[in-house]
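Shown next, in structure tokens, is the structure this report addresses.
The values are calculated or read from the model by the stated rules, or taken from the named source; none is laboratory data. As the structure is a computational prediction, the values presented were derived from the model and not from experiment. We place every Cβ from the backbone using ideal geometry, glycine too, and count neighbours over all the protein chains shown. Ligands, DNA and RNA are stripped out before the accessible areas are found, and what is left, the full protein with its side chains, is counted by its heavy atoms. Shrake-Rupley method; radii C 1.70, N 1.55, O 1.52, S 1.80 Å.
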Amino acid sequence: IIRDADDKLLEVPGIGLKLRDDIFDQWHQFYGRERLVTHLASSGFTKTMIRRIMIQFDDNTLSKIEDNPYELMRIPAVGFYRADYFAKLLGASDTNPTRIQEAIIYLLEENGKGNTYLPKDTLFSEFSDRVKFTSIDVDKETLYETALKSLSTVRRIIIDKKGVHLTKFSMAETSIAKELIERSLTTVDSYSSTLIRKYIKEWEIKEGFNLTRDQESAIVRTFLDNVTIITGAPGTGKTSTLAAILYVAKQDEFKLNVSLAAPTGRAAKRMQEATGVSAATIHRLLGFGVDGGFSFKFNKDEKYPTDIFIVDEVSMIDVMLMNSLLRALKRSTKLILVGDKDQLQSVSAGNLLGDLISSGKVNTIELKTVFRQDSSAMLVRNARVINSG
């Protein structure tokens, strides 16, 4: 009665509407939270994770977790299996429609191979192998088909001839394609190629380094275009190309703010060491979690303030992160994507760099000359021979 703020409480002498609401709030604040924390702790959730859950679900929505334990999957790093274990502790049936639907969402989101969708039969095979039931007589195919229909009806998934897509992945891919094309067609401040080449030569003399024609082209295109991909195998001079870009950008005729980012802390640190300019992860630059939630400070409404945004190790970026990045940048910001499509791919969904290059829709300069003279030079050369067939 107290938990539901039932009007029966008003039958007690001395309790009016205000006192009933106060009692209800106090119950949730103390008893309700304490009981839920106990449940979570006994399910193997760490103190840090429990704290995150308490921030995400306020007193008014904590009851949602007990009604639907799979709500916990909204918290990054909880995942299906941990939420499922918690659901079983609360007595949920393993054929519960919500469980089957959330299992499918999980399999599409965390398929381990970076796919943005799965063929229908492949998804069913994954479902059959990885989602466990206490009874061996469960009709998995019927449960699976029913769940697909329900998820499709509420637009959490899209089913087409290719297979089953998570709606958020499909929308992110469409948004990335649209944004990059529109960004490429946007007219922005353009600079004299003669002036750019003048400062490139100045940098070469200063550093005692001769850039290749491809490197020089990449630098010039950076200042003339709105979106540029600079790609190449290890040792082909991507870092020296970036160093020259940074040199040109700081000259009086340009005076452009440049931001350097990478998908991981290690990659950002390498970028900073190589260029001598401060670099950070994309998440940090875009202010992920600064408001205590699981979102970016800079987004479609509040744009990140910079003139040139350079991202290294782009092969590791997934579609959701790239979509967030593009939404956070002003149309006038020049975007430079640097990476090697044959190196590490993203853990999550999307073969972003490879797909962008093969599309032929984004201005791409490939660096081919290998400068590296250390013990890995032979590896780099042989990788190129293999990649060229």
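Values computed for the structure shown
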item	result
Cα centroid separation - the range 132-164 against the range 1-21, whole Å	43
Globularity ratio of the range 307-358, using Cα Rg and 2.2 N^0.38 Å	1.10
Spatially proximal lysines relative to Lys206 (Cα-Cα < 23 Å; intrachain offsets below 8 disregarded)	Lys198, Lys238, Lys250, Lys255
Heavy atoms of Phe296 accessible to a 1.4 Å probe, total area in Å² rounded to 10	40
Solvent accessible area, Å² - Arg327, 1.4 Å probe, full protein context	100
Positive-end residue of Tyr304, Met271, Thr194, charge dipole of the chain with Cβ unit charges	Thr194
Share of carbon and sulfur in the accessible heavy-atom surface of the range 43-155 [1.4 Å probe, %]	48
Positive-end residue of Val258, Ser175, Phe294, charge dipole of the chain with Cβ unit charges	Val258
Hull-based mean projected area of the range 46-153, where the convex hull spans the alpha carbons, in square nanometres	7.7
All lysines inside 22 Å of Lys149 as judged from Cα atoms, apart from same-chain residues fewer than 8 positions distant	Lys120, Lys132, Lys140, Lys161, Lys162, Lys168
Size of electric dipole in the chain: Cβ of Lys, Arg +1 and of Asp, Glu -1, about Cα centre, debye, nearest 20	1120
Cα-based shape type of the range 180-234, given that a ≥ b ≥ c are square roots of the gyration tensor eigenvalues and the cut on a/c is 1.5	oblate
For the range 164-176, Karplus couplings with θ = phi - 60° (6.51, -1.76, 1.60), whole Hz, Gly/Pro x	10, 10, 5, 4, 5, 5, 4, 5, 5, 4, 4, 5, 4
The chain - mean residue ellipticity at 222 nm from DSSP helices (-39,500 (n - 2.57) per run, n ≥ 4, rounded to 500)	-14500 deg cm²/dmol
Under-5 Å amide H pairs with Val227, H placed in peptide plane, nonlocal only	Leu335
